Amino acid sequence: MAHAAPTARRRHSEDMHHLSRSAYTRPLMWGLVYGIYAAFMKRQMGPVDAGNVFYGILCGALFAACMFALARIGPGLPREARAVAWGAFAGIAIGYLYSLAEESVLRSTGIALAVGAVVAAIAFYRYYTRED
């Protein structure tokens with residue numbers, strides 16, 4: 001009767017060899033928005049040139065790659081670490097955009113810490129209430 005024993009279900013993160021199309025398009029869309037906004041902030045009301053376009057593409061690609069990696073690795077982490085990782089990602093991203101507005105480093109750091117703490121708290125609450 002050993003062949004009739006129930007098998008343990010594999011976790012969703014272990015069964016992700018084939019990713020859906022939205023797993024790629026969501027980070028790319030957010031990366032596009034982030035890159036456009038970063039290029040706009042870097043431009044400072046001057047003319048659009050090749051340097052601004054390249055800067056926007058680079059920022060958007062880095063943002064999308066980090067978001068994709070965090071979404072791919074995140075489900076394997078404990079809920080506390082996953083929430084802190086998303087909070088750190090959001091805080092760093094928003095703090096960097098805020099620093100492009102030529103604000104002080106302390107103010108950019110304060111905004112980044114505040115956004116990161118709020119995102120981490122919201123993510124922890126979401127993971128805590130929806131986890132088995």
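The values are calculated or read from the model by the stated rules, or taken from the named source; none is laboratory data. Just so you know, these numbers come straight off a predicted model, no measurement behind them. Here the Cβ positions follow ideal geometry from the backbone for every residue, glycine too, while neighbour counts run over all protein chains shown.
Can you name every residue in the range 102-128 that is modelled with pLDDT under 90, farther than 27 Å from MET41 by Cβ and loosely packed, with under 13 Cβ neighbours inside 10 Å?
Within the range 102-128, TYR128 is the sole residue that qualifies.
Given the condition under 16 Å from the mean Cα position of the chain (by Cα) and at pLDDT below 85, answer yes or no: does some residue in the range 27-46 qualify?
So far as the range 27-46 goes, no, none of its residues is under 16 Å from the mean Cα position of the chain (by Cα) and at pLDDT below 85.
Would it be correct to say that ALA39 is free of Cβ contacts under 8 Å to residues at least 60 places away in the same chain, assigned to a helix (DSSP H, G or I) and either crowded, with 18+ Cβ neighbours inside 10 Å or touching a Ser or Thr at 6+ places or on another chain (Cβ under 6 Å) (or both)?
yes
Among the residues of the range 70-84, are any assigned to a loop (DSSP other than H, G, I, E, B) and either within 17 Å of MET41 (Cα to Cα) or of a type outside the set (A, V, I, L, M) (or both)?
Yes - at least one qualifying residue is present in the range 70-84.
In the range 87-107, how many residues are under 24 Å from PRO27 (Cβ atoms) and either of a type in the set (Asp, Glu) or over 17 Å from the mean Cα position of the chain (by Cα) (or both)?
Summing the residues that are under 24 Å from PRO27 (Cβ atoms) and either of a type in the set (Asp, Glu) or over 17 Å from the mean Cα position of the chain (by Cα) (or both) in the range 87-107 gives 2.
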